[in-house]
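The values are calculated or read from the model by the stated rules, or taken from the named source; none is laboratory data. Computed from a prediction, not measured in an experiment: that's the story for all the values here. Calculation scope for accessible area: heavy atoms of the full protein, side chains included, ligands and nucleic acids excluded. Shrake-Rupley method; radii C 1.70, N 1.55, O 1.52, S 1.80 Å.
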Amino acid sequence: MFKYGVVALISWLLVLFSSVIFAPASAVPDRDFKTYIWDYGALGSSEMVCKQIVFHPKALDRAQSLETQPMHIRSIVVDSNHCTNLLQPT
């Protein structure tokens with residue numbers, strides 16, 4: 001009977017320590033949507049560059065109910081290797 005108690009105690013300690021060491025993944029997924037496009041580098045520019053477009057949803061009040069969700073949209077110029085699978089406009 002004593003050996004079952006020791007085995008149960010050791011098993012419980014292993015579970016406890018493994019839950020502390022290996023923290024569970026965050027329950028909140030990354031809600032940012034990223035995509036890559038070919039676009040002009042700046043207004044009035046004729047140079048095509050690869051851009052990363054990031055859509056980040058804005059937080060809404062719980063009282064508001066909208067069919068469309070407001071977004072922050074951000075674009076940055078990145079290395080052209082990200083756009084290699086896209087057709088570059090001529």
- From largest accessible area down, sort Lys34, Lys51, Lys3; use a 1.4 Å probe on the protein chains. Lys3, Lys34, Lys51
- Query: Among the lysines, which have Cα under 29 Å from the Cα of Lys34 when same-chain residues fewer than 8 positions away are ignored?
  - Reply: Lys51, Lys58
- Task: Give me the accessible area of Tyr4, 1.4 Å probe, in Å² rounded to the nearest 10.
- Result: 150
- Message: With a 1.4 Å probe and all protein chains kept in place, how do Thr35, Thr84 rank by accessible area, largest first?
- Response: Thr84, Thr35
